[in-house]
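Asks: Mind looking over this structure? Questions follow.
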Amino acid sequence: MPSPSTLPAAHPLVSGGTADSPLITAYRGGRPATRPIWMMRQAGRSLPEYRALREGTAMLDSCLRPDMAAEITLQPVRRHKVDAAIFFSDIVIPLKLAGIDVDIVAGVGPVMGEAIRTAEQVRSLPELDPAALAPIIEAVGIVTAGLGSTPLIGFAGAPFTLASYLVEGRPSREYLHTKALMRDEPETWHALLAWVARITGTFLRTQALAGASAVQLFDSWAGALTLDEYLTFVAPHSAAVMQQVEDLPVPRIHFGTRTGHLLVAMRDVGATVVGVDQFTTLDAANDLLGGTTPLQGNIDPELLSGPWEALAANVRDVLQRGLAAPGHVVNLGHGVPPDTDPDVLTRMVALVHEEG
Ligand code: CP3
């Protein structure tokens, strides 16, 4: 790993105590005294204090108001005592900051003003002016001041997942236009993914330099690809994103859903930690990865709305299987469903801390 001097002296990993936190210790392959846990989508609709604060503010506006984004980021840390904060933003924020017409429609997800499908459209995509990232830097500063020695995780969307929103124009189950562009117009495809990789990599690096102690690249929908498609059309661009933070001593997590067949390839683009959903057990993932890569995962979110004993049994199974890997950070499948009872989450975090 590069020396911490590549980060500013005031960075929490250098002088703020996060380097010795359970989270960073486990990401680096160590075994802290208690197993660390955080949850994707821990900040958001499951929390009444989130719903109250968001009232009257559009989703993407809330991400770009530093005080609000910082407060929302801190809410689940206060309430659940999780071992990390995940920066409250969205994977489409760098697109919006570059000037792309994008909105988040409640109950749907990211929707584009126009779908990007032609070579001409790809040629006209704007570059991201680094000055536009000022609200992100400010929000990260407020968050890390409030967190003390608890690490902040920065994140970005990977080129394939972001491109699928750009090409389909909205969330899709089939990715028909995306796969057609990939197959039929490889030059346009690669130009599009290279553009996405530049701006999303800038977003990720900005968060790391501003104070995030780890970063996670979300390729939520990469599981829709075959291994061959992933290696040919996606991996070089995800590697380009990872390269934008490789000189910094921040652990790099890579996560996607239903990616059991892609775990090695997703590690090999430059991740130091692999995130696994509930469809691959942690011991199987560890075998696939050769026993050298710290893992993150993988409580089944469907159990959150059922009997406590079934959830507790799953938590204990995850803790047990996680021992196979060189380091283990507990997480929750694809994250917290919006209708989850937050008290169940608090109790689950406590169980991980007691028994992990
Ligand atoms: O779900 C996925 O993995 C798809 C890709 C993706 C989106 N956002 C698109 C989106 C990912 C990985 C994100 C990341 C994200 N979004 C984070 C970081 C990581 C995490 O898991 O905590 C955060 C903090 C957000 C914030 C966010 N975006 C919230 C709270 C919401 C819900 C809307 C609201 O008004 O509260 C969104 C919208 C959003 N972004 C959706 C999707 C698919 C869901 C739209 C909906 O169901 O309303």
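Asks: Report, by residue number, each residue of segment 60-79 that is touching a strand residue (DSSP E or B) at 6+ places or on another chain (Cβ under 8 Å) and within 11 Å of the ligand (Cβ to nearest atom).
Replies: Start the filter on segment 60-79 by keeping residues that are touching a strand residue (DSSP E or B) at 6+ places or on another chain (Cβ under 8 Å), which leaves 60, 73-74, 76-77.
Leu60, Thr73, Pro76 - these are the residues of segment 60-79 that are touching a strand residue (DSSP E or B) at 6+ places or on another chain (Cβ under 8 Å) and within 11 Å of the ligand (Cβ to nearest atom).
Asks: Could you please find all residues in segment 112-127 being without any contact (Cβ under 8 Å) to a residue 12 or more places away in the chain and either within 16 Å of the ligand (Cβ to nearest atom) or loosely packed, with under 14 Cβ neighbours inside 10 Å (or both)? Give the derivation first.
Replies: Of the residues in segment 112-127, the ones without any contact (Cβ under 8 Å) to a residue 12 or more places away in the chain are 120-121, 124.
Glu120, Ser124 - these are the residues of segment 112-127 that are without any contact (Cβ under 8 Å) to a residue 12 or more places away in the chain and either within 16 Å of the ligand (Cβ to nearest atom) or loosely packed, with under 14 Cβ neighbours inside 10 Å (or both).
Asks: Next question, about the same structure. List every residue pair whose Cβ atoms lie under 6 Å apart, where the two residues are 6 or more positions apart in sequence or sit on different chains, the first residue falls within segment 166-183 and is within 13 Å of the ligand (Cβ to nearest atom), and the second residue, located anywhere, is assigned to a loop (DSSP other than H, G, I, E, B) and of a type in the set (Val, Ile, Thr).
Replies: Sorted first by the residue in segment 166-183, then by its partner, the pairs are Leu166/Ile116.
Asks: In addition: Across segment 24-74, which residue is nearest to Gly99 (Cα to Cα) among those that are charged (D, E, K, R) and not in a helix (DSSP H, G or I)?
Replies: Selected residue: Arg65.
Asks: Also, quick follow-up: Looking at segment 148-171, which of its residues are among the hydroxyl-bearing types (Ser, Thr, Tyr) and buried (at least 17 other Cβ atoms within 10 Å of the Cβ)?
Replies: If the condition is that a residue be among the hydroxyl-bearing types (Ser, Thr, Tyr) and buried (at least 17 other Cβ atoms within 10 Å of the Cβ), then Thr150, Thr161, Ser164, Tyr165 are the ones that fit.
Asks: Are there any pairs, at least 6 apart or on different chains, whose C-beta atoms fall under 8 Å, with the first in segment 91-111 and at negative phi and the second among the polar types (S, T, N, Q) and more than 6 Å from the ligand (Cβ to nearest atom), and if so, which?
Replies: Sorted first by the residue in segment 91-111, then by its partner, the pairs are Ile91/Thr200; Pro94/Thr200; Pro94/Thr202.
Asks: Could you tell me whether any residue of segment 80-97 is away from the ligand (no atom under 13 Å from the Cβ), surrounded by fewer than 19 Cβ atoms within 10 Å (Cβ to Cβ) and more than 20 Å from the chain's Cα centre (by Cα)?
Replies: No; the residues of segment 80-97 include none that is away from the ligand (no atom under 13 Å from the Cβ), surrounded by fewer than 19 Cβ atoms within 10 Å (Cβ to Cβ) and more than 20 Å from the chain's Cα centre (by Cα).
Asks: May I ask you to say which residue of Val264, Val245 is surrounded by fewer than 22 Cβ atoms within 10 Å (Cβ to Cβ), within 24 Å of Trp38 (Cα to Cα) and at pLDDT 95 or above? Before the answer, list the steps.
Replies: Details: Val245 fails: surrounded by fewer than 22 Cβ atoms within 10 Å (Cβ to Cβ).
Only one candidate passes the filter, namely Val264.
Asks: Do you know which residues across segment 238-255 are under 18 Å from Val330 (Cβ atoms) and touching a helix residue (DSSP H, G or I) at 6+ places or on another chain (Cβ under 8 Å)? So that I can check it myself, show each step before the final result.
Replies: We begin by selecting, within segment 238-255, every residue under 18 Å from Val330 (Cβ atoms); these are 251, 253-255.
The answer is Pro251, Ile253, His254.
Asks: Continuing with the same structure: Return the pairs, sorted by first residue and then second, in which the second residue is of a type in the set (Ser, Thr, Tyr) and outside any helix (DSSP H, G or I), the first residue lies in segment 216-243 and is farther than 16 Å from Trp189 by Cβ, the beta carbons are less than 8 Å apart, and the residues are 6+ apart or on different chains.
Replies: Sorted first by the residue in segment 216-243, then by its partner, the pairs are Ser220/Thr257; Gly223/Thr257; Gly223/Thr259.
Asks: Do you know which of the residues in segment 210-237 that are more than 15 Å from the ligand (Cβ to nearest atom) and touching a His at 6+ places or on another chain (Cβ under 7 Å) is nearest to Ile253 (Cα to Cα)?
Replies: Ranking the candidates gives Gly211 first.
Asks: Given the options Glu120, Glu71, name the one that is in contact with a helix residue (DSSP H, G or I) (Cβ under 7 Å, 6 or more places away or on another chain) and not basic (Lys, Arg).
Replies: Result: Glu71 is the single residue among Glu120, Glu71 that is in contact with a helix residue (DSSP H, G or I) (Cβ under 7 Å, 6 or more places away or on another chain) and not basic (Lys, Arg).
Asks: How many residues does segment 33-65 hold that are closer than 14 Å to Val330 by Cα and touching an Asp or Glu at 6+ places or on another chain (Cβ under 9 Å)?
Replies: 5
Asks: On to the next question. Any chance segment 39-59 includes a residue that's within 13 Å of the ligand (Cβ to nearest atom), of a type in the set (Ser, Thr, Tyr), under 27 Å from Pro159 (Cα atoms) and touching a helix residue (DSSP H, G or I) at 6+ places or on another chain (Cβ under 6 Å)?
Replies: Within segment 39-59 (the criterion being within 13 Å of the ligand (Cβ to nearest atom), of a type in the set (Ser, Thr, Tyr), under 27 Å from Pro159 (Cα atoms) and touching a helix residue (DSSP H, G or I) at 6+ places or on another chain (Cβ under 6 Å)), the answer is no, since none of the residues qualifies.
Asks: On the basis of being buried (at least 20 other Cβ atoms within 10 Å of the Cβ), assigned to a helix (DSSP H, G or I) and either in contact (Cβ under 8 Å) with a residue 60 or more places away in the chain or within 16 Å of the ligand (Cβ to nearest atom) (or both), does Gln207 make the cut?
Replies: yes
Asks: Turning to a different aspect of this structure: Being in a loop (DSSP other than H, G, I, E, B) and farther than 24 Å from Leu332 by Cβ is the filter here; which residues of segment 217-232 pass it?
Replies: Step one: of segment 217-232, the residues in a loop (DSSP other than H, G, I, E, B) are 219-221, 225-226.
Correct list: Thr226 only.
Asks: Here is a further query. Please count how many residues of segment 23-38 are out of contact with any helix residue (DSSP H, G or I) (no Cβ under 8 Å at 6 or more places or on another chain) and more than 16 Å from the ligand (Cβ to nearest atom). Lay out the reasoning, then the answer.
Replies: Here is the first cut: in segment 23-38, the residues out of contact with any helix residue (DSSP H, G or I) (no Cβ under 8 Å at 6 or more places or on another chain) are 23, 25-30.
Those still in the list that are more than 16 Å from the ligand (Cβ to nearest atom) too: 25-30.
Residues flagged as out of contact with any helix residue (DSSP H, G or I) (no Cβ under 8 Å at 6 or more places or on another chain) and more than 16 Å from the ligand (Cβ to nearest atom) within segment 23-38 amount to 6.
Asks: Here is a check on your reading of the model: is Ala324 under 22 Å from Pro251 (Cα atoms) and surrounded by fewer than 22 Cβ atoms within 10 Å (Cβ to Cβ)?
Replies: Answer is yes for this residue.
Asks: Kindly list the number of the only condition in (1) touching a strand residue (DSSP E or B) at 6+ places or on another chain (Cβ under 8 Å); (2) outside any helix (DSSP H, G or I); (3) not acidic (Asp, Glu) that fails for Arg173.
Replies: (1)
The values are calculated or read from the model by the stated rules, or taken from the named source; none is laboratory data. Every value quoted in this text rests on a predicted model; they were computed, and no experiment measured them. No Cβ is skipped: glycine too gets one built from the backbone with ideal geometry, and neighbour counts run over all protein chains shown.
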